[in-house]
Amino acid sequence: MANLVIELPRVSIVIPAYNEQAFVGTTINSILETRFPCEVLVVDDGSTDRTSQILKEFEPRIRAIRHPVNLGKGAAMASGVRAAIGEIVVFCDAHLLGLKQYHLLSLVLPLVQGPVRAVLGVALAGPSALPRVVMPILTGQRAYFRHDLEPLLDGMESLGYGVETFLFHRFPQHQTAVVLLPGLIHLLKPQLSSPTVAMKGYLRESVEILGTVARLGGMMPGDGAKWKRQVKISLSQHFRRSEVKSQPDTQP
């Protein structure tokens, strides 16, 4: 039986990481163990936990980039692209389980075979599977040609978690492929941190995504900022009410 040989262009895997000490090492190990031909860049976006120390343990097998302060996911992804040497850039979240070589191939091959310019990967295991299948626009596992991303980097930097929504609207749907990644587990915020930290993370994510939607919808900058503040206030009030309800009753 003849072996199938596929020639791939150079690939860079970019992992944005902010306070990801729990699983960033597991994710990096998974990628290195696949022996997939690529460079691995991890952008430590101003973490205050042990993320930076963990990354040092993997050097020089990976390239670590550090932001002195937290700038947001969009800025971390942009920094990774600017430092990448690959023709293809694959983005991966820092909290994945079960990442295999065929997952990375599934993200890269549609670009190689064409005429696709954007690939969105959907995990098919774990608690986040159904939401990602229904809304692949928000997945963190995705791939692009670097030359397609370079004109978008300045726009990506200020979007935070809204960067995936921004990218989704920058590539035509007929040139966007959605691939399934069976066996890959994308961990959720409550599995990575305390309920309070997880809720604050969801608040920030919601505000930044909605802010990007407002910008894409053509709102004037002033109107968008006002609308974004209103959403943030509403979500914060909901969070405070949830905290009060969760406190134990100490009355006799």
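Coordinate-derived values only; no laboratory data. Keep in mind that this is a model prediction, so the values were computed, not measured. Methodologically, a virtual Cβ is constructed for each residue, glycine included, from the backbone with ideal geometry; neighbour enumeration extends over all protein chains shown.
Kirkwood Rh, segment 32-134, all Cα pairs: how many Å? List each step's numbers first, then the result.
Working: mean 1/r = 0.0652 Å⁻¹.
This gives a value of 15.3 Å.
Give me Met199, Met156 sorted ascending by neighbouring Cβ count inside 10 Å, so fewest comes first.
On the way: Met199 18, Met156 24.
Fewest-to-most ranking of Met199, Met156: Met199, Met156.
Test of understanding: what is the full-extension gain from Thr196 to Gln101, defined as 0.36 nm times their sequence separation minus their Cα-Cα distance?
Working: separation 95, 0.36 × 95 = 34.20 nm, distance 3.50 nm.
Taking 0.36 nm per residue and subtracting the Cα distance, the gain is 30.7 nm.
Step through the residues of segment 58-73 one at a time and calculate ³J(HN,Hα) from phi using the Karplus curve (6.51 cos²θ - 1.76 cosθ + 1.60, θ = phi - 60°), rounding each to whole Hz and writing x for Gly and Pro.
Coupling constants for segment 58-73: 9, 6, x, 5, 10, 10, 10, 10, 10, 8, x, 10, 6, 10, x, 4 Hz.
How long is the gain from Glu39 to Ile137 if the chain were fully straight, where each residue apart is worth 0.36 nm and the alpha carbon distance is subtracted? Present the calculation step by step, with values, prior to reporting the outcome.
Values: separation 98, 0.36 × 98 = 35.28 nm, distance 2.52 nm.
Result: 32.8 nm gained on full extension.
Evaluate the relative contact order of segment 11-187 (contact order divided by residue number), counting alpha-carbon pairs under 8 angstrom at least 6 apart; express in whole percent.
Working: 387 pairs, mean separation 48.6, N = 177.
Relative CO of segment 11-187 lands at 27 percent.
If the chain between His147 and Val112 were fully stretched, how many nm would it gain, using 0.36 nm times the residue separation less the Cα-Cα distance?
Contour length minus the Cα-Cα distance gives 11.2 nm.
Over the Cα atoms, compute the radius of gyration (one decimal) and Dmax (the largest Cα-Cα distance, rounded to a whole number) for segment 11-187, in Å.
Taking only Cα atoms of segment 11-187, I get Rg and Dmax of 14.7, 42 Å.
Tell me the Rg and the Dmax, in Å, that the Cα atoms of segment 66-114 produce.
13.2, 39
What spacing in nm lies between the two simple spin-label points modelled at Ser52 and Leu203, each 7 Å away from Cα in the Cβ direction?
Between Ser52 and Leu203, the label points sit 2.6 nm apart.
Would you list Lys100, Lys56 from fewest to most Cβ contacts within 10 Å?
Values: Lys100 17, Lys56 9.
Sorted ascending by nearby Cβ count, the order is Lys56, Lys100.
Quick one: which residues, 5+ away or cross-chain, put their amide H under 5 Å from the amide H of Leu124? H built at 1.01 Å from N.
Leu181, Gly183, Leu184
Which ³J(HN,Hα) values, rounded to whole Hz and listed in residue order, are derived for segment 137-145 from phi using the Karplus coefficients 6.51, -1.76 and 1.60 in 6.51 cos²θ - 1.76 cosθ + 1.60 with θ = phi - 60°, glycine and proline given as x?
Running phi through 6.51 cos²θ - 1.76 cosθ + 1.60 with θ = phi - 60° gives 4, 9, 5, x, 9, 7, 9, 8, 6 Hz.
Of all GluC sites (Glu not before Pro) in segment 22-123, which ones are in loop regions per DSSP and have a Cβ with at most 16 other Cβ atoms within 10 Å?
Counting only loop positions with at most 16 other Cβ atoms within 10 Å, the GluC sites (Glu not before Pro) in segment 22-123 are Glu87.
Would you grab the residues whose amide H sits under 5 Å from the one on Glu20? Only those 5+ places off in sequence or on another chain, please, with H modelled 1.01 Å from N.
Under 5 Å from the amide H of Glu20 lie the amide H atoms of Thr51, each far enough along the sequence or on another chain.
Among His67, His147, rank each residue by its count of other Cβ atoms within 10 Å, from fewest to most, as a rough exposure measure.
Working: His67 17, His147 9.
Starting with the residue having the fewest Cβ neighbours, the order is His147, His67.
Mind giving me the nanometre distance, one decimal, between the label points for Asp154 and Glu7, set 7 Å out from Cα along Cα→Cβ?
Output for this residue pair reads 3.7 nm.
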